[in-house]
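J.: The structure is given below, and queries will be raised subsequently.
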Amino acid sequence: MLRIERLQAGYGTTPVLFDINLALEEGQVVTLMGRNGMGKTTTIRTVMGQLRARAGRTTFAGSDITACAPEQVARRGVGLVPEGRRIFPTLTVRENLIATAANRLGAPRPWTLSRVTELFPRLGERHGQMAGTLSGGEQQMLAIGRALMTNPRLLILDEATEGLAPVIRTEIWACLNLLKSERQSILIVDKNIRELKRLADRHVIIEKGRTVWQGNSADLDRDAGQVQRYVGL
Ligand SMILES: Nc1ncnc2c1ncn2[C@@H]1O[C@H](COP(=O)(O)OP(=O)(O)OP(=O)(O)O)[C@@H](O)[C@H]1O
Ligand SMILES: [Mg+2]
């Protein structure tokens, strides 16, 4: 469904990505791991069309999206929960959820306000509240709910549980496991290797802008020493 091949990108004249390779099949959960500053967010920005690729290729659902603008990538069915959440602070929870809602690809059982509220009851109690006044955890739930309301074929989460209280983290992992059981394709960046191992089919590790390791959860255990050096946990 998503294939990133030999991707290169950077900021201004500074190269950051040198050789990113990643493949995700429909219905799979794939992690993107690596220490701080290794290029995880930059990879996601490049896939989303927010940053121009300097070389390499990204294909999604059979089409080349390497040169697509963010709007086009979204329209093809990639939904993003960005690092830092980026909800609309001066809109209400409800307005945030419906602002970008769409079912362009005609999902048979589309996400609705009531389904998102079922997934995250905390949001239901706060439909009329300004999103900027939500707690960090509630904002993350809102960001996930907002992305789901676009009925994405692929959901990308950059730092799914970063900086959240343990009880909220547990809720987010439960939600992601539920989405996986419904065959939602997910690309996820996070640091909780134990949860990632349970959730994901495959793992991709990057170091200084290069894919340096790929494998499944059993491979991750087998190469634990090497993985530890790359991920620094
Ligand atoms: N807007 C920017 N302009 C210039 N350099 C940037 C910009 N954003 C990121 N970088 C640099 O690109 C490199 C990769 O950053 P990136 O945010 O992709 O890392 P990351 O793997 O997501 O890290 P983290 O785990 O801390 O989120 C870093 O050296 C960073 O300083
Ligand atoms: Mg990042």
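J.: In this structure, is residue 65 under 28 Å from residue 215 (Cα atoms), buried (at least 19 other Cβ atoms within 10 Å of the Cβ), more than 16 Å from the chain's Cα centre (by Cα) and away from ligand 1 (no atom under 16 Å from the Cβ)?
T.: On the way: under 28 Å from residue 215 (Cα atoms): yes; buried (at least 19 other Cβ atoms within 10 Å of the Cβ): yes; more than 16 Å from the chain's Cα centre (by Cα): yes; away from ligand 1 (no atom under 16 Å from the Cβ): yes.
Spelling it out, residue 65 is indeed under 28 Å from residue 215 (Cα atoms), buried (at least 19 other Cβ atoms within 10 Å of the Cβ), more than 16 Å from the chain's Cα centre (by Cα) and away from ligand 1 (no atom under 16 Å from the Cβ).
J.: Please specify each residue of the range 79-118 satisfying the condition of being among the acidic types (Asp, Glu) and either closer than 16 Å to residue 154 by Cα or over 20 Å from the mean Cα position of the chain (by Cα) (or both).
T.: Within the range 79-118, 95, 118 qualify.
J.: Could you grab the pairs with beta carbons closer than 7 Å, sequence gap of 6+ or different chains, first residue in the range 17-39 and among the acidic types (Asp, Glu), second one buried (at least 21 other Cβ atoms within 10 Å of the Cβ)?
T.: Within 7 Å, the pairs are 19/211; 26/185.
J.: Being more than 16 Å from ligand 1 (Cβ to nearest atom) and over 23 Å from residue 4 (Cβ atoms), is that true of even one residue in the range 181-188? Write out each step before concluding.
T.: We begin by selecting, within the range 181-188, every residue more than 16 Å from ligand 1 (Cβ to nearest atom); these are 181-186.
Subset that is over 23 Å from residue 4 (Cβ atoms): 181-182.
Among the residues of the range 181-188, at least one is more than 16 Å from ligand 1 (Cβ to nearest atom) and over 23 Å from residue 4 (Cβ atoms), which makes the answer yes.
J.: Could you tell me how many of the residues in the range 148-207 are outside any helix (DSSP H, G or I), of a type in the set (A, V, I, L, M, F, W, C), touching a Phe, Trp or Tyr at 6+ places or on another chain (Cβ under 9 Å) and away from ligand 2 (no atom under 16 Å from the Cβ)?
T.: Of the residues in the range 148-207, 2 are outside any helix (DSSP H, G or I), of a type in the set (A, V, I, L, M, F, W, C), touching a Phe, Trp or Tyr at 6+ places or on another chain (Cβ under 9 Å) and away from ligand 2 (no atom under 16 Å from the Cβ).
J.: Another one. Take residues that are within 16 Å of ligand 2 (Cβ to nearest atom) and of a type outside the set (Val, Ile, Thr) and tell me which of the strands (runs of 3 or more DSSP E) falling wholly in the range 24-93 contain 1 or more.
T.: 29-33, 78-81
J.: Would you be able to tell me the number of residues in the range 178-233 that are touching a residue at least 40 places away in the same chain (Cβ under 8 Å) and of a type in the set (D, E, K, R)?
T.: Total meeting the criteria: 9.
J.: Exactly one condition in (1) within 20 Å of residue 43 (Cα to Cα); (2) surrounded by fewer than 20 Cβ atoms within 10 Å (Cβ to Cβ); (3) of a type in the set (Val, Ile, Thr) is not met by residue 167; state its number.
T.: Unmet condition: (1).
J.: Next question. Suppose the filter is surrounded by fewer than 16 Cβ atoms within 10 Å (Cβ to Cβ), within 21 Å of residue 78 (Cα to Cα) and in contact (Cβ under 8 Å) with a residue 40 or more places away in the chain; does residue 147 pass it? Lay out the reasoning, then the answer.
T.: Details: surrounded by fewer than 16 Cβ atoms within 10 Å (Cβ to Cβ): no; within 21 Å of residue 78 (Cα to Cα): yes; in contact (Cβ under 8 Å) with a residue 40 or more places away in the chain: yes.
Answer is no for this residue.
Every read-out reported here was derived from the displayed coordinates using simple, explicitly stated rules and does not represent laboratory data. Fair warning: this is a prediction, and the values are worked out from it, not measured in the lab. When we count neighbours, we look across all protein chains shown, and the Cβ atoms used for this are built from the backbone with ideal geometry, even at glycine.
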